[in-house]
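A short worksheet on the structure shown next.
Every number in this text was worked out from the coordinates using simple rules, so none of it is lab data. The structure presented is a predicted model; accordingly, all values stated were derived computationally and were not measured. All Cβ positions, even for glycine, are placed from backbone atoms using ideal geometry, and neighbour counts span all protein chains on display.
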Amino acid sequence: MDKLLEIKNLNLFFGEYQALYGINFSLNKGEMRALAGESGCGKTLTAMSIMRLLPKSAIIKSGEIFFDGENLLNLKEKQMRELRGNKIALIPQDPMTSLNPLYTIGNQLIESIRVHTGVSYHQARRKAKEVLDLVKIPDIDNKLSYYPHELSGGMKQRIIISMALATKAELIIADEPTTALDVTIQKQIMDLLDEIKKDFGTTILLISHDLALVSNYADNISIMYAGQLVEEATSEDFFKNPVHPYSNALLRSLPSRNPALKLKTIEGAPPSIQEEINGCKFHPRCEFCDLSICTASKPVLKEKSNGHYSACLIK
Ligand SMILES: Nc1ncnc2c1ncn2[C@@H]1O[C@H](COP(=O)(O)OP(=O)(O)O)[C@@H](O)[C@H]1O
Ligand SMILES: [Mg+2]
């Protein structure tokens, strides 16, 4: 299968502290992969490494990020700017980081289409209406003259998604795209991303702390903990047979899986990047921990069954 994105051995630091450890994963064309894990595990840093929009203090010490065969980390900022908003689109948690409050939806969308495609105002306006229709914005002619604050969170997120469609983005990185929205709207936005994947073959990296949400949509799943990938599998395999104790703990904390029981949240919190933990970084929170084994060496992803990888020294 054709790989669109491939991250190889990505190591990211803030000063002496390491935030991402040897991240490896790839996305085939037309795949939706979920990158999941609790808050603070390094999901956004992974996304921002791909976009090359990291905080200034972040240092990528080693690694490669291939997009369509080209290492993004070697591109000039100008080339990267062309890719962003053109071939790679970011859908952030808060749509206001992408929308300008001072301009109408129509102005922003039409301007963005003109910048990326060079078409005339009228052609861009037609295209804008077409993509707003694709993302199911009602009453489009009127909506074009709305300012962002006049739209709901869900509608704003649809506008951002329509921008990705207008430029025919090949890769959409959606970083907690529905976290700020209420539950019924969350499903509508996820359904929309799913439709885009199916209708246009768009590749999607879906970042989420919410396994219940991603379970219905992702083809494949990567689970992240404390800057490392700890499990990787197809969604089907993962939800049938989660291997890593961290994944199991995450799954047990889902209300939908455990409706009758009191939710069992995972004790404690993920470590900060400054915290030094020998061996497996999950061991202090792990119910299966055997200190003599789990602090002695660092676990790496190993294939446990066909295409199903886990990084645990015990299981
Ligand atoms: N600019 C920064 N300086 C120092 N540490 C940071 C910075 N940005 C993120 N981190 C740390 O890196 C870790 C991963 O952050 P992040 O990728 O935002 O996690 P997630 O998106 O999974 O919630 C966190 O522990 C966070 O505190
Ligand atoms: Mg994040």
**OP:** Taking the chain as the reference, fit the longest principal axis to its C-alpha atoms, fit the long axis of helix 183-200 to the helix C-alpha atoms, and give the angle between the two in degrees, 0 to 90, nearest 10.
**Re:** 80 degrees
Subject >> Computed label-point distance, nm, for sites F288 and L254 using a 7 Å Cα→Cβ extension >> reply: 1.8 nm
**OP:** Using just the helices of the chain, give the 222 nm mean residue ellipticity in deg cm²/dmol: DSSP H runs with n ≥ 4 each add -39,500 (n - 2.57), and the total is spread over all residues, rounded to 500.
**Re:** -9000 deg cm²/dmol
Subject >> Neighbour-limited loop hits for GluC sites (Glu not before Pro), segment 1-95 (at most 15 other Cβ within 10 Å; DSSP other than H, G, I, E, B) >> reply: E16
**OP:** Take the alpha carbon gyration tensor of segment 158-313, find the square roots of its eigenvalues, order them as a ≥ b ≥ c, and report rounded if a/c is under 1.5; if not, report prolate when a/b exceeds b/c, else oblate.
**Re:** prolate
Subject >> Full-stretch length increase - I59, L73 - with 0.36 nm per residue and alpha-carbon distance subtracted >> reply: 3.9 nm
**OP:** Out of all DSSP beta bridges with both ends in segment 117-272, state the antiparallel percent to the nearest 5.
**Re:** 55 percent
**OP:** Have a look at the DSSP beta bridges in the chain and tell me what percent are antiparallel, nearest 5.
**Re:** 60 percent
Original post:
By how many degrees, between 0 and 90 and to the nearest 10, does the Cα long axis of helix 153-166 differ from the longest principal axis of the chain?
Top reply: 80 degrees
Original post:
Which length gain, in nm to one decimal place, applies between V300 and V183 when the Cα-Cα distance is subtracted from 0.36 nm times their residue separation?
Top reply: 38.5 nm
Subject >> Rg and Dmax [Cα atoms of the chain; Å; Rg one decimal, Dmax integer] >> reply: 20.4, 69
Original post:
Tell me, what ³J(HN,Hα) does each residue in segment 297-305 have, in order and in whole Hz, if you take phi through Karplus 6.51 cos²θ - 1.76 cosθ + 1.60 with θ = phi - 60° and put x for Gly and Pro?
Top reply: 8, 8, x, 10, 4, 10, 6, 8, 8
Original post:
Hey, got the dipole for segment 98-166? About the Cα centre, +1 on K and R Cβ, -1 on D and E Cβ, debye to the nearest 20?
Top reply: 120 debye
Subject >> Dipole magnitude (debye, nearest 20) for the chain, charges at Cβ of Lys, Arg, Asp, Glu >> reply: 320 debye
Subject >> Cα shape, segment 13-171, gyration tensor, a/c 1.5 rule >> reply: prolate
Original post:
Using a basic spin-label model with each label point 7 Å from the Cα along Cα→Cβ, how many nm lie between S120 and Y103?
Top reply: 2.1 nm
Original post:
Given the C-alpha centroids of segment 78-123 and segment 142-188, what is the distance between them in whole angstrom?
Top reply: 13 Å
Original post:
For segment 98-166, rounded, prolate or oblate, judged on the Cα gyration tensor with a ≥ b ≥ c (square roots of eigenvalues), a/c < 1.5 rounded, else prolate if a/b > b/c?
Top reply: prolate
Subject >> Under 27 Å from the Cα of K304 - lysines, other chains or at least 8 residues apart >> reply: K3, K8, K29, K43, K240, K264, K281, K315
